[in-house]
Amino acid sequence: MSLRINDTVPDLKVETDLGTFTLHEFIGDNWTILFSHPKDFTPICTTEFGAVAQLADEWAKRDTKVIGVSVDGVEDHKKWKGDIEKVAGTAAGFPIIADDGLELSKAFDMLPAEAYMPDGRTPNDSATVRSVFIIGPDKKLKLSMTYPMNVGRNFAEVLRALDGLQTAAKYTVATPANWQVGQDVVIPATVSAEDAKEKFGEFTTVLPYLRTAKLPS
């Protein structure tokens, strides 16, 4: 079955280089980003894990946990982290799930149910395991993005999307295209003009169905 926005993510028991736990235990009351990779010791994935490591302070500011997934075993993950840290110039303190049995990749609909890893496999055999999932404290999927193997993910966009999700959840608003923290937000169409004025004070009516305002201070 497909995992869709607002579905509760499966509470799988996972083995990582930093121990064994269930996904829901790991998430706890935090926002969580799960990012997946088709194979250890591959060039683009190494730069991406490095980028995630460099953003440790940004994740912490947003009360957000990060966890990686790769379709290889724990011992490979431990060795690979040395390469990741060399590229990043900093420690990679997040866990990496060993999904060599493909349970998580299938549960998150990154691979079909009948998929298996052949002997002597290459990254092409698990190329679709190239996704980012943002999960809320309620354990529900809030956003997902999938990239091909030859395009590195933009973690500045992941941060921007996380900011948008957290802002929307906190203030019951939406965010427009290219929104950045501090910019005006969109008032939901279901909010009356009277309620909008009470909550936001002044607001701008761009179109009858598009109203923008600054967040309450």
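The values are calculated or read from the model by the stated rules, or taken from the named source; none is laboratory data. A quick note: this is a predicted structure, and the numbers were derived from the prediction, not measured. Cβ coordinates were reconstructed from backbone atoms using ideal geometry, including for glycine residues, and neighbour counts include every protein chain displayed. In case anyone asks, the SASA skips ligands and DNA or RNA and just uses the protein heavy atoms, side chains included. Shrake-Rupley method; radii C 1.70, N 1.55, O 1.52, S 1.80 Å.
General observations
- In segment 87-94 there is at least one residue matching the filter, namely being more than 19 Å from the chain's Cα centre (by Cα) and either open to solvent by less than 40 Å² (accessible area, probe 1.4 Å) or modelled with pLDDT under 90 (or both).
- Filtered residues of segment 59-94 (kept if basic (Lys, Arg) and in contact (Cβ under 8 Å) with a residue 40 or more places away in the chain): Arg62, Lys78, Lys81
- Total residues in segment 184-217 satisfying the condition of being open to solvent by 100 Å² or more (accessible area, probe 1.4 Å) and over 11 Å from Val173 (Cα atoms): the figure is 7.
- Residue in segment 95-111 that is most open to solvent (accessible area, probe 1.4 Å), counting only those that are in contact (Cβ under 8 Å) with a residue 60 or more places away in the chain and among the hydrophobic types (A, V, I, L, M, F, W, C): Ala107
- For segment 4-24, the tally of residues that are assigned to a loop (DSSP other than H, G, I, E, B), among the β-branched types (Val, Ile, Thr) and open to solvent by less than 80 Å² (accessible area, probe 1.4 Å) stands at 1.
- The number of residues in segment 79-100 that are under 17 Å from Gly19 (Cα atoms) and either of a type in the set (A, V, I, L, M, F, W, C) or part of a loop (DSSP other than H, G, I, E, B) (or both) comes to 10.
- Listed conditions (1) touching a residue at least 12 places away in the same chain (Cβ under 8 Å); (2) within 28 Å of the chain's Cα centre (by Cα) are all met by Gln183, apart from (1).
- Leading residue by the ranking (modelled with the lowest pLDDT) among those in segment 137-154 that are surrounded by fewer than 19 Cβ atoms within 10 Å (Cβ to Cβ), in contact with a strand residue (DSSP E or B) (Cβ under 9 Å, 6 or more places away or on another chain) and part of a loop (DSSP other than H, G, I, E, B): Tyr147
- With respect to the conditions (1) farther than 30 Å from Val181 by Cα; (2) modelled with pLDDT under 95, Phe21 falls short on a single one, namely (2).
Residue-wise test of (1) closer than 21 Å to Val9 by Cβ; (2) in contact with a Cys (Cβ under 7 Å, 6 or more places away or on another chain); (3) open to solvent by 40 Å² or more (accessible area, probe 1.4 Å); (4) part of a strand (DSSP E or B).
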site	(1), (2), (3), (4)
Phe26	yes, no, no, no
Ile33	yes, no, no, yes
Ser36	yes, no, no, yes
Thr46	no, no, no, no
Val52	yes, no, no, no
Asp57	no, no, yes, no
Lys65	yes, no, yes, yes
Asp76	no, no, yes, no
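- Residue in segment 115-127 that is modelled with pLDDT of 85 or more and more than 23 Å from Pro43 (Cβ to Cβ) present: no
- If the condition is being of a type outside the set (A, V, I, L, M) and either open to solvent by less than 60 Å² (accessible area, probe 1.4 Å) or in contact with a helix residue (DSSP H, G or I) (Cβ under 7 Å, 6 or more places away or on another chain) (or both), then segment 158-170 contributes Arg160, Asp163, Gly164, Gln166, Thr167.
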